[in-house]
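Only one structure is covered here, and it is reproduced in the block below.
The values are calculated or read from the model by the stated rules, or taken from the named source; none is laboratory data. Since this is a predicted model, take the numbers as computed values, not measurements. All Cβ positions, even for glycine, are placed from backbone atoms using ideal geometry, and neighbour counts span all protein chains on display. To get the accessible areas, we keep the full protein, side chains included, count just its heavy atoms, and leave off ligands, DNA and RNA. Shrake-Rupley method; radii C 1.70, N 1.55, O 1.52, S 1.80 Å.
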Amino acid sequence: MSSNESVEKHYSVHWQEEGLYQAPPEFIGQANCTDPGIYEKFSLDKFPECFKAFADLLDWDAYWHTTLDTSDAPCWRWFVGGRLNACYNCVDRHLDKYRNKTAIHFVPELEEEKIEHITYQELYRRVNETAALLKDFAGLKAGDRVTLHLPMTPELPITMLACARLGIIHSEVFAGFSGRACGDRIWDSESTVLITMDSYYRSGKLLDHKEKADEAIKSAEKQGQKVDKVLIWRRYPGTYSSQTPVVDGRDYFMDELLKNYFSVVVEPVSMPAEDILFLMYTSGSTGRPKGCQHSIGGYLAYVTWMSKYVQDIHPEDVYWCMADIGWITGHSFIVYGPLALAASSVIYEGVPTYPDAGRPWKIAEELGVNIFHTSPTAIRGLRKAGADEPSKYNYHFKHMTTVGEPIEPEVWRWYYNVVGRKKAVIVDTWWQTENGGFLCSTIPAVVPMKPGSAGPGVPGIHPIILDDEGNEIPPGAGKAGNICIKNPWPGAFQTIWKDKERYIETYYRRYNRDPNSKDWRDWPYMAGDAAVMAADGYFRILGRIDDVINVAGHRLGTKEIESAALTVEEVAEAAVVSVNDEVKGTVPDLYVSLKPQAQANEELAKRISNAVSEVIGKIARPAHVYIVSDMPKTRSGKLMRRILASISNYKDVGDVTTLANPKIVEEIRRQVQD
Ligand code: PRX
């Protein structure tokens, strides 16, 4: 967004402030945090030393000497001098007390397949064997990057933890992403090893996943990045469920290789706190995805604290976060946070509505899940497909989370009344891939819930709303602005992989007071969301201010979709706009104009839509492809996406008389709406 455009234009959420809901006494009675003084303990005058409490949740090989080093501002370095191992903290340290406790409950999508209960001992063994293989067979060592393109099976966290054990930087690509999207990430991270799976279940079908690996490697190689080894987990060990050939000297089956590493133990490598744990690519306003670089010590300390005090995880809890580990939510709140606390974390392979909309509640009953974590899109979808389903199952949630998009108060109330039976607290957690863990949320036993509001900043996070000139918009002013965080925090990403300039430009430049300053106070973090702050300090998040759209809680760059459309020969121009959707929150509509000789027809529209799926993945498939005769443009030639968005959303297009081609607006409106 250009600096002279008002953020208020970008409102996508229109509800007002709602009343407050108190946590049930049974919840408060058992909560990890009931201290009303908790916010005070993390006030800015105690910054940064207050974050010692986060780090103290971990086991360190060596204590740090500097809590926060700002010498390379705004690349913050936390717990400098400290050494630890993330895998040790998530696995080994629990063995004495919890060896026989379930670490991971794996629920296959097919109901006839048995749920797997992996104990901490079993996890320890499998992680060690995998680490031995990565070290000795694949030759990987601390600091190397490895790309994972794994679906939701236990092999994904096992591989992540095996990497963490050796200090290898993992870069997991969401399995739903295409081979080409995976190839781009292999290239950017310079991985020489790809770890994938032959197949997995989605909506009752065994998908051939290995075919994406072949495509990924081709695409990475075209860009100059050679992959030496493809390590393939098999959904059914011993059986290869892909149609693709096994490439001699490149492709290897993990189950076969692992036979050589039976019971091998690999010592966890003691890593500097500031080294990299993983890369997680996310979309921004240009076509190229950003590799968010997360640290070992700061990140792990942050997600562990949030899991303990916001998620209220105790080791006795059965915790189910229904996100995909291929997104940051899954990294932080299926794998690292819960396992650092010795929780039992559920991994579900498939879609929530398979075979019907009662599945999540059935799983909750079967496993005794008492903490449930999902997105508004999933809640809306489950409500639409089976609003009465929860009442058919006997489960008891004490705590429920929503994440990823604004949740409408009406949907919040269904979640609270019907799913939670008024007995569970809800936390609406606002944060981003870049942040490692929550930024705004209630601490559930300390401050009340408010439907449709994420809540105040979590302890240690000091959000502020700034207008376009950098002035603070006071609480209760009823005016939207850019939500920023005044202070650094340990979970924040360190930089964009290999692109510090873009990191500074995107998140810090706008409100920076002095580019040479080493004082964190001069570097507010700009999240890229518009928000309003109520008089009581609760934040309502309104949506992105940049060219990012949030489809079903998944973040996509409009530019990424547009450049995918442009791979079709006939397409001259492409514009993606975000359209409100009853279930998915927002979905992309794609407008294209064609080169002079090209013919508009349905077959072409379909080819364009397929191109988007092939380049990015099915999640990016446009809701509609409109082939238009021309795009609305200003006299200076700027394509007016805002007008197309108004048409797609059946809103008033406003005054268009100053456009270079005002007549096209009515033509497109008729094409779309009539
Ligand atoms: O626009 C905000 C929205 O999701 C964006 C971040 O997306 P991603 O990096 O994929 O991370 C998603 C999960 C952490 C934000 O910029 N968002 C996230 N949580 C919320 C939200 N919008 C409203 N309410 C939330 N609770």
As a test of understanding, state the convex hull volume per residue of the range 263-400 from its alpha carbons, in Å³. 163 Å³
Taking a quarter of the surface of the Cα convex hull of the range 491-633, what do you get in nm²? 12.6 nm²
Based on alpha-carbon positions alone, could you give the equivalent ellipsoid semi-axes of the range 122-203 from the gyration tensor, as √(5λ), descending, whole Å? 20, 17, 9
Treat the range 552-674 as a sphere of radius equal to its Kirkwood radius over Cα pairs and apply Stokes-Einstein at 4 °C in a medium of 1.567 mPa s; give the translational diffusion coefficient in µm²/s, rounded to a whole number. 88 µm²/s
Please report the Cα spread of the chain along all three principal axes, rounded to whole Å, starting with the longest. 73, 62, 59
To the nearest 0.05, what FRET efficiency results for residue 569 and residue 256 with a Förster distance of 60 Å applied to their C-beta separation? 0.90
Placing +1 on each Lys and Arg Cβ and -1 on each Asp and Glu Cβ in the range 450-522, then taking the dipole about the Cα centre, the residue among 473, 495, 512 whose Cα reaches farthest towards the positive end is 495
Tell me the label-point distance for the pair residue 20, residue 516, using the 7 Å Cα-to-Cβ offset, in nm and rounded to one decimal. 4.8 nm
Going by Cα centres, the range 140-205 and the range 633-674 are how many Å apart? 42 Å
Note: probe point = Cα of residue 499 + 7 Å toward Cβ; backbone nitrogen < 15 Å; residues of the range 62-96 passing the test are none
What translational diffusion coefficient, in µm²/s and rounded to a whole number, does the Stokes-Einstein relation yield for the range 601-672 at 20 °C and a viscosity of 1.002 mPa s, taking the hydrodynamic radius as the Kirkwood radius over Cα pairs? 160 µm²/s
Evaluate 2.2 N^0.38 Å with N set to the residue count of the range 362-423, then give the Cα radius of gyration divided by it. 1.03
May I ask you to give the percent of accessible area on the range 464-603 that is carbon plus sulfur, with a probe radius of 1.4 Å? 48 percent
Pull out the extension gain between residue 121 and residue 467, defined as 0.36 nm times the separation in residues minus the alpha carbon to alpha carbon distance; nm, one decimal. 119.3 nm
Over the range 59-217: Rg over Rh, Cα atoms, Kirkwood Rh: 1.02
Which value in nm describes the separation of the simple spin-label points at residue 509 and residue 595, placed 7 Å from the Cα toward the beta carbon? 3.3 nm
Estimate the FRET efficiency between residue 110 and residue 218 by the formula 1/(1 + (r/R0)^6), using the beta-carbon distance for r and 30 Å for R0, to the nearest 0.05. 0.45
In units of 2.2 N^0.38 Å, what is the alpha-carbon radius of gyration of the range 31-144? 1.46
Kindly write out, for the range 142-149 in residue order, the coupling ³J(HN,Hα) from the Karplus curve 6.51 cos²θ - 1.76 cosθ + 1.60 (θ = phi - 60°), rounded to whole Hz, with x marking Gly and Pro. 3, x, 5, 9, 9, 8, 10, 10
Could you give the accessible area per residue of the chain, probe 1.4 Å, as a whole number in Å²? 37 Å²
Given Cβ point charges of +1 (Lys, Arg) and -1 (Asp, Glu) and nothing else, what value in debye, to the nearest 20, does the dipole of the chain about its Cα centre take? 140 debye
The orientation-averaged projected area of the Cα convex hull of the range 239-282, in nm², is 6.5 nm²
Over the chain, what relative contact order in percent results from Cα pairs under 8 Å that are six or more residues apart? 14 percent
Considering only DSSP beta bridges with both partners in the range 520-663, what is the antiparallel share in %, to the nearest 5? 80 percent
For the chain, what is the mean residue ellipticity at 222 nm derived from helices alone (per DSSP H run of n ≥ 4: -39500 (n - 2.57); sum divided by total residues; nearest 500 deg cm²/dmol)? -7000 deg cm²/dmol
How much length, in nm to one decimal, is gained on full extension between residue 636 and residue 267, taken as 0.36 nm per residue of separation minus their Cα-Cα distance? 126.6 nm
At q = 0.11, 0.17, 0.23, 0.26 Å⁻¹, what base-10 log of I(q)/I(0) does the Debye formula yield for the range 433-499 when every alpha carbon is treated as an equal point scatterer in vacuo? -0.33, -0.75, -1.13, -1.22
Putting +1 on Lys and Arg Cβ atoms and -1 on Asp and Glu Cβ atoms, find which of 89, 149, 102 reaches farthest to the positive end of the dipole of the range 1-149. 89
log₁₀ I(q)/I(0) of the range 479-564 at q = 0.10, 0.22, 0.26 Å⁻¹, via Debye over equal Cα point scatterers, no solvent, to two decimals? -0.32, -1.26, -1.37
Once the range 185-240 is represented by equal point scatterers at the alpha-carbon sites, with solvent omitted, what log10 I(q)/I(0) does the Debye formula produce at q = 0.30, 0.31 Å⁻¹? -1.14, -1.19
When the accessible area of the range 283-340 is split by element with a 1.4 Å probe, what percent falls to carbon and sulfur? 51 percent
Carbon/sulfur accessible area of the range 206-248, % of total, 1.4 Å probe, equals 50 percent
Check cross-link reach from residue 663 to the lysines: straight Cα distance under 22 Å, and skip same-chain residues fewer than eight apart. 595, 633, 638, 651
